[in-house]
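Since every read-out is calculated from the coordinates, none of them should be taken as a lab result. On a predicted model such as this, the values are computed, not experimentally measured, just so you know. Note: ideal-geometry Cβ built from the backbone for every residue, glycine included; neighbour counts use all protein chains shown.
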Amino acid sequence: MRRKVFAISVLALLLVGCTRRPDPFLVDDTKGHHSHPVWSPDGNSLAFILDSDLWLMSSLSGHHKQRITGEFFTTKSRDAQLATWLPDGRIAYVEWASDLDIGLPDRSVRLYDPKNRRTTVVKQGLNRIDALARSPLGNEEVWLIMDSSPDVRSPGSNSAYRLDIKTGTLTSLPFLPTDRGLSDLKWIPGSDRVAYVLKQRLYVVDLKTGDTIDLPDGTDDVGAIAVSPNGRWIAFRRYATSRNGRRGGTFVVDANLHNPPHQLSSVEMVSLDWSPDGTKLVYTTVGAPGQNELRLFEVPAEFQ
């Protein structure tokens, strides 16, 4: 009898050990400010911004890092800010030419091709850009949120745009609001819908009909978002707030926003991206000024 009880206890401990959710683990230990990590289409590489430069990491072990923008920029007044990976392997990113005179549009969207190590300009002379995202048209365009004010010295409202990769043509993305509080957007794969953040609230809009929904419980304090590759889930950061005593963290909700969000982690994932196989989130942490970390989080099976 004692042997049976002992065997059952050992089995229970093994099962608990197997099902325990793994802790997030460090990807890059370089000291500095990390932001906007994005996965390559095959899931084997990461691109991210580190101290205003674009870096490419060919493995998730933190080794084989390559600084991309440092090869082309001769001064630190040319800074990389945002990035997204296209299906064909090219990386679209935003450059900020901070050495231009105040009042001039100083952003540009560029493409870096890791195969031939070449950078090309898609469009320059743009206003401040707050978000850059993949499009359902794949290699043909990217989406962005940009200050739509005609005078960059007096920032106005943010608007969402399509940017044609070949021609550099900007066109408005339909049904998204024009508002200074528009801060992030992501295409929901397998659909005509877009998830976006407006004044720290999460919405989903259908680009064909204009039908818009938000979370049923009115969840606010939403930061960056990421959408699962199967289009079923939206992960988002919720800010810790003092006005209502709410703790921050990272949550996930179904892409139809039918149910209350589920807390994935107590960690506030400042900027995040979902891996192509749906099993992981790469994210940056809240850190001291000028320093934070790049980490990976294993997504529970029910949200993959």
Placed amide H near S265: partners under 5 Å, 5+ positions off or other chain: T250
Gyration tensor verdict on the stretch 27-303 (Cα atoms; rounded if a/c is under 1.5, prolate if a/b is larger than b/c, oblate otherwise): rounded
Amide H within-cut-off set for V286, under 5 Å, with H built and near neighbours excluded: E268, V270
Electrostatic dipole magnitude of the stretch 27-303 [Cβ: Lys, Arg +1; Asp, Glu -1; Cα centre; debye, to 20]: 240 debye
Whole-Hz ³J(HN,Hα) from phi, Karplus 6.51 cos²θ - 1.76 cosθ + 1.60, for the stretch 33-47, glycine and proline x: 9, 8, 7, 6, x, 9, 7, 6, x, 8, x, 8, 9, 10, 10
In order through the stretch 193-201: 3J(HN,Hα) via Karplus (6.51 cos²θ - 1.76 cosθ + 1.60), integer Hz, x for Gly, Pro: 10, 10, 8, 8, 10, 10, 6, 6, 10
The stretch 27-303: relative contact order in percent, alpha carbon pairs under 8 Å with at least 6 residues between: 13 percent
The stretch 252-259 - phi-based ³J(HN,Hα) in whole Hz, Karplus 6.51/-1.76/1.60, Gly and Pro as x: 9, 9, 5, 5, 8, 6, 7, 10
Label point distance in nm, T209-T120, each placed 7 Å from Cα along Cα→Cβ: 3.9 nm
Furthest towards positive pole of dipole, L185, A83, V253, structure part the stretch 27-303, Cβ charges: A83
Partners for K166 among aspartates and glutamates (Cα-Cα distance below 12 Å; same-chain residues under 8 apart left out): E140, E141
Neighbour-count order for Y196, Y283, Y203, fewest beta carbons within 10 angstrom listed first: Y203, Y196, Y283
For E141, distant residues with modelled amide H under 5 Å away: I165
Those aspartates and glutamates that a straight Cα-Cα span of less than 12 Å connects to K31, excepting residues fewer than 8 apart in one chain: D51, E293
